[in-house]
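For reference, the structure is listed below as structure tokens.
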Amino acid sequence: MDLNYEGSIVRKIFTEKVDNIRAICSANGSTEMVMHVGELDQDQVNTISSIVENQMANIGVSKNTIKRIFNIAIETLQNICFHAKRDEDGKQMTYFIIGKKDNKFSIYSGNLLTNEGVTKLSKRLERLKSLNDADLKKEYLEVLSNGELSQKGGAGLGFITIAMKSNNNIEFEFLPTGKDLSLFSMKAIVTQDK
């Protein structure tokens with residue numbers, strides 16, 4: 001995807017967000033491990049998740065930490081693949097970036113969603129952030145046993161998994177881009193096991 005300021009306000013906000021994340025990573029001395037910006041389909045999900053796993057193994061990350069990062073990557077990429085909306089030009093604007101500094105991995109992701117979906121998702125994520133580890137596990141088991149599969153896949157387990165695998169170290173924001181769409185951005189942090 002061409003990251004320039006030509007075009008719509010949606011593209012401008014998206015580009016500024018990606019540029020800001022990359023600037024933060026650069027300023028704090030993070031190493032950019034993985035980056036994908038643009039269209040995302042199931043083949044790319046598979047490719048990116050393999051790259052994530054290989055990159056982590058290549059730098060000697062523990063197997064447990066690789067598993068946690070890989071699970072977050074898969075859930076994040078699947079959520080984007082299934083739920084990302086397209087802008088007025090039919091473009092699917094998404095990003096997925098992993099930065100590493102010392103023993104911490106920051107996993108950034110973003111996609112467009114409808115403004116009507118913002119309230120529901122915001123409430124869900126705020127609720128998850130308020131739960132402790134035991135309550136997250138309980139929520140996971142409840143959704144697993146009682147949740148109904150949606151037409152697009154899971155029963156809402158993705159964000160619970162991300163919260164669990166990051167020890168509930170997630171941040172998110174919604175940036176309005178106009179009357180119909182907002183940019184949903186999320187950051188999950190994983191600390192490498194000793």
*Once you have all Cα-Cα distances for the stretch 11-145, histogram them in 10 Å bins from zero and send the whole-percent values.*
10, 35, 39, 16, 1
*Place +1 on the Cβ of every Lys and Arg and -1 on the Cβ of every Asp and Glu in the chain, take the dipole about the Cα centre, and give the residue among 48, 24, 114 whose Cα lies farthest towards its positive end.*
24
*Most mobile listed residue (73, 27, 57) in the chain, GNM with C-alpha springs under 10 Å*: 27
*Please give the FRET efficiency for residue 58 paired with residue 144, using the beta carbon to beta carbon distance and R0 = 30 Å, rounded to the nearest 0.05.*
0.35
*Using just the helices of the chain, give the 222 nm mean residue ellipticity in deg cm²/dmol: DSSP H runs with n ≥ 4 each add -39,500 (n - 2.57), and the total is spread over all residues, rounded to 500.*
-16000 deg cm²/dmol
*Per residue, what volume in Å³ does the convex hull of the Cα atoms of the stretch 1-90 enclose?*
106 Å³
*Place +1 on the Cβ of every Lys and Arg and -1 on the Cβ of every Asp and Glu in the stretch 70-194, take the dipole about the Cα centre, and give the residue among 98, 125, 146 whose Cα lies farthest towards its positive end.*
98
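None of the figures in this text is laboratory data; all of them are computed from the coordinates on show. Here the structure is a predicted model, which means the values were calculated and not measured. When we count neighbours, we look across all protein chains shown, and the Cβ atoms used for this are built from the backbone with ideal geometry, even at glycine.
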